[in-house]
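Let me begin by presenting the structure, written as structure tokens, before commenting on it.
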Amino acid sequence: MTKDTRTRFAPSPTGFLHVGGVRTALFAWLVARQNNGKFILRLEDTDQAREVEGSAEHVLKSLKALGLNYNEGPDIGGEFAPYKQSERLDVYKQWAQKLIDSGRAYADPYSREELQQFREQAQAEKKPFLYRNHRPENPPAWDGSQPLRFKSDPKPYQWHDEVMGDLSTGSEVIDDFILIKSDGFPTYNFAHIVDDAEMHISHVIRGQEFISSQPNYLNLYEALEIEPPVLATMPHIMAATGGKKLSKRDGAKDILDYTKSGYLSEALVSFIATLGWNDGTEQEVFTTDELIAKFSLDRVHKSGAQFDDKRLEWVNGQFIRKLDIGKLYELSTDFWPNVGSDADTEYKQKVLALAQDRMKTLNDLRQFGYFFVDPPVNMELIDSNKQVSKLSPERRAELIQQAHDALQNSEFTPEAIQETLNQLLETTGEKPGILFSLIRIYTTWAAFSPQLNDTLALLGKETVLRRLQQV
RNA sequence: GGUCCCAUCGUCUAAUGGUUAGGACAUCAGGUUUUCAUCCUGGCAAUAGGAGUUCGAUUCUCCUUGGGAUCACCA
């Protein structure tokens with residue numbers, strides 16, 4: 001009988017959720033989903049000093065924004081509640097007692113200063129520092145005021161990691177480590193092992209910062225007589241791009257910043273999943289359902305990847321283009337320019353239909369104020385336009401007047417407008433690059449806009465004629 | 001420094017002994033008879049270096065170099 005798949009994401013509330021954290025969470029989520037398993041969220045808040053106010057809520061919000069819903073968690077409870085380590089202190093005490101009883105844990109009698117001296121001494125002798133070389137012969141009884149330390153059993157280890165493959169280390173990396181701190185809280189090293197066992201976690205998927213501690217965890221699993229879960233270690237995502245240092249540490253950026261700037265959650269998910277993973281085909285973009293069907297840990301790269309904003313932008317555009325207008329409208333609620341926020345749904349959907357093919361992020365909607373109110377005249381646009389700037393002011397006025405008169409008699413469907421504009425080319429003898437640019441600028445006062453005839457049709461005859469007489 | 005891991009175009013990657021080393025992003029050029037964008041066509045661009053195994057190495061082994069992780073009463 002195979003165990004039920006139960007994966008977990010176990011962040012500590014010490015800041016926002018960045019891209020690397022999201023990827024770890026995403027892969028754990030995918031493994032759970034594809035095996036009809038459960039995805040558990042656990043808060044590892046055992047370091048009171050580092051805890052950042054509000055960051056737990058921030059993490060929950062980030063996961064929800066990305067659609068990485070969990071089956072059990074601190075805010076929704078579950079069979080093994082509580083899911084917050086600070087509320088499970090008695091659980092760790094019980095497991096610690098087992099270790100004390102079996103002689104595998106002891107009270108650490110040394111002060112931090114004494115420990116520091118041991119380290120410096122080892123360094124001076126150019127020997128690696130091992131706490132177990134300083135194990136007290138007759139440790140005091142543990143009364144909770146000293147740290148409780150694990151008594152390790154040094155030996156070589158070899159184990160399998162779903163991503164990294166077969167790994168091995170010698171016994172020299174095995175050492176005694178602290179289980180319970182003198183403030184009564186467990187260390188990560190102890191708490192996560194206890195909780196993963198208590199919560200029946202089948203796969204531990206985490207970042208590479210833990211890989212060098214793995215043999216010590218294996219040692220602890222043995223002492224606790226716990227069967228280790230399936231292990232998978234994710235390589236880090238590089239913070240900087242290329243050789244040049246970026247001021248924005250893009251890989252370390254808050255994931256919510258991306259959703260706030262108009263990136264779709266499914267685009268983010270697809271992009272992050274393919275940072276270090278692909279299915280072996282030439283497919284570049286994946287829906288979340290495809291990811292659930294195709295993802296596998298053994299195809300995750302062992303090497304770290306760099307975050308490329310341009311590629312994310314492209315992926316996002318791909319997803320925006322696939323959306324139907326109703327869905328796009330729903331997602332775009334917060335991204336309209338202020339002047340358009342009260343406009344009616346039907347009109348906004350028409351704007352979206354025009355804009356959809358040119359959008360990279362939902363934020364691009366902000367530039368479409370001219371669809372809602374008359375934009376301010378900006379002669380700079382005339383001067384900076386290579387072709388239009390060559391026209392004399394008189395000729396410009398003349399052309400605009402002709403355009404006005406011609407459009408006045410147009411039926412104002414996109415087709416009729418195109419027809420009118422084409423005729424205008426003939427009667428004025430101007431090139432499209434000049435005439436159309438001129439009309440486009442006078443009606444939108446924007447550096448660019450969607451296709452001219454469609455834009456004019458949506459704006460409506462009255463508005464277009466008014467704007468043509470504005471200057 | 002010790003230990004562990006990694007190394008294909010600028011970036012994300014495909015190819016696990018036999019390919020002109022493929023795709024995508026970015027970039028450049030052209031097209032879609034207005035701009036920006038979309039879309040289409042084409043160009044540029046990589047196996048870090050050195051030994052070895054082999055008829056044949058991106059692929060297997062070793063060394064070098066480079067990068068990452070870790071060595072806390074942090075996670």
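Which log10 I(q)/I(0) values, to two decimals, does the stretch A:376-430 give at q = 0.13, 0.23 Å⁻¹ under the Debye formula with one point per Cα?
-0.39, -0.97
May I ask which of A:Lys155/A:Lys302; A:Lys327/A:Lys360; A:Lys310/A:Lys348; A:Lys348/A:Lys386; A:Lys98/A:Lys151; A:Lys126/A:Lys181 have a Cα-Cα span longer than 24 Å here?
Checking Cα-Cα distances, A:Lys155/A:Lys302; A:Lys310/A:Lys348; A:Lys348/A:Lys386; A:Lys126/A:Lys181 exceed 24 Å.
Mind pulling the angle between the C-alpha long axis of helix A:89-101 and the longest principal axis of chain A? Nearest 10 degrees, somewhere in 0 to 90.
It works out to around 30 degrees.
In nm, give the distance between the simple-model label positions of A:Ser168 and A:Asn378, each being 7 Å from the Cα along the Cα-to-Cβ direction.
Output for this residue pair reads 6.6 nm.
How large is the charge dipole for chain A, taken about the Cα centre, if only the Cβ atoms of Lys, Arg (+1) and Asp, Glu (-1) carry charge, to the nearest 20 debye?
In debye, rounded to 20, chain A gives about 880.
Just the Cα atoms of the stretch A:50-94: what Rg and Dmax do they give in Å?
Expressed in Å, the Cα Rg and Dmax of the stretch A:50-94 come to 12.3, 37.
Find which of A:Phe190, A:Ser152, A:Val388 sits farthest along the positive direction of the dipole of chain A, computed with +1 on the beta-carbon of Lys and Arg, -1 on that of Asp and Glu, about the Cα centre.
The one lying farthest along the dipole's positive direction is A:Val388.
Helix A:309-322 versus the longest principal axis of chain A: what angle, 0 to 90°, nearest 10, using Cα atoms?
Long axis of A:309-322 versus the principal axis of chain A: about 60 degrees.
³J(HN,Hα) across the stretch A:444-461 via Karplus (A = 6.51, B = -1.76, C = 1.60, θ = phi - 60°), whole Hz, x for Gly/Pro?
10, 6, 10, 5, 7, 7, x, 2, 4, 5, 5, 4, 5, 4, 5, 4, x, 4
Over the Cα atoms of the stretch A:1-108, what Rg and Dmax result, in angstrom?
Here Rg and the maximum Cα pair distance are 15.8, 47 Å.
How large is the direction-averaged shadow of the alpha-carbon convex hull of chain A, in nm²?
Dividing the Cα hull surface by four gives the mean projection, 30.1 nm².
R0 = 56 Å: FRET efficiency of A:Glu53 with A:Gln387, Cβ-based, nearest 0.05?
It comes out at approximately 0.50.
Would you mind working out the magnitude of the charge dipole of the stretch A:258-345 relative to its Cα centre, with +1 at each Lys and Arg C-beta and -1 at each Asp and Glu C-beta, to the nearest 20 Debye?
Dipole magnitude for the stretch A:258-345 comes out near 300 debye.
Measuring with a 1.4 Å probe in the full set of protein chains, what accessible area per residue, in whole Å², belongs to the stretch A:405-471?
For the stretch A:405-471, the solvent-accessible area averages 47 Å² per residue.
Calculate, for A:Arg358 and A:Glu227, the FRET efficiency according to 1/(1 + (r/R0)^6) with r their C-beta to C-beta distance and R0 56 Å; round to the nearest 0.05.
0.55
Compute the distance in nm between two label points, each set 7 Å from the Cα along the Cα-to-Cβ direction, one at A:Phe448 and one at A:Glu419.
Reported label-point gap for A:Phe448 and A:Glu419 is 3.1 nm.
Given a 1.4 angstrom probe, what's the average accessible area per residue across the stretch A:1-71, in square angstrom? Kindly include the intermediate steps, with their values, before the conclusion.
Details: 3080 Å² over 71 residues.
With all protein chains present, the stretch A:1-71 gives 43 Å² per residue.
In terms of Cα to Cα distance under 18 Å, which lysines are near enough to A:Lys3, apart from those fewer than 8 places away along the same chain?
A:Lys38
Would you mind working out the magnitude of the charge dipole of the stretch A:138-187 relative to its Cα centre, with +1 at each Lys and Arg C-beta and -1 at each Asp and Glu C-beta, to the nearest 20 Debye? Spell out each step's value before the answer.
Numbers: 4 positive and 9 negative charges, 49 e Å.
That gives the stretch A:138-187 a dipole magnitude of about 240 debye.
Toward the positive end of the charge dipole of the stretch A:21-95, about the Cα centre and with charges on Cβ (Lys, Arg +1; Asp, Glu -1), which of A:Gln94, A:Ala49, A:Asn36 goes farthest?
Final value for the positive-end residue is A:Asn36.
Non-local amide H neighbours of A:Arg6 (under 5 Å, H modeled in plane, Pro and chain starts lacking H): which ones?
Result for A:Arg6 returns A:Lys38, A:Ser202, A:His203.
With point charges of +1 on the Cβ of Lys and Arg and -1 on the Cβ of Asp and Glu, referenced to the Cα centre of chain A, which listed residue (A:Leu421, A:Gly67, A:Pro82) lies farthest in the positive direction of the dipole?
It is A:Leu421.
In whole percent, how big is the carbon plus sulfur part of the accessible area of chain A, probe 1.4 Å, protein atoms only?
48
Apply the Karplus parameterisation 6.51 cos²θ - 1.76 cosθ + 1.60, with θ equal to phi minus 60°, to every residue of the stretch A:368-380 and state each ³J(HN,Hα) to the nearest whole Hz, in sequence, with x for glycine and proline.
So the J values, rounded to whole Hz, are 9, x, 5, 7, 10, 9, 4, x, x, 5, 9, 5, 3.
Spin-label point model (7 Å from Cα, Cβ direction): what's the A:Glu113 to A:Lys431 distance in nm?
Placing both labels 7 Å along Cα→Cβ, they lie 8.4 nm apart.
Just report the Cα centroid separation between the stretch A:426-447 and the stretch A:77-117, whole Å.
The stretch A:426-447 and the stretch A:77-117 have Cα centres separated by 75 Å.
Counting only protein chains, not ligands or nucleic acids, how are A:Val230, A:Val204 ordered by accessible area (probe 1.4 Å), most first?
Ranked list, largest accessible area first: A:Val230, A:Val204.
The values are calculated or read from the model by the stated rules, or taken from the named source; none is laboratory data. Note that this is a predicted model, so its numbers are computed, not measured. Counting neighbours? That spans all protein chains shown, and the Cβs are built from the backbone with ideal geometry, glycine included. Surface areas here come from the heavy atoms of the whole protein model, side chains and all, with no ligands, DNA or RNA. Shrake-Rupley method; radii C 1.70, N 1.55, O 1.52, S 1.80 Å.
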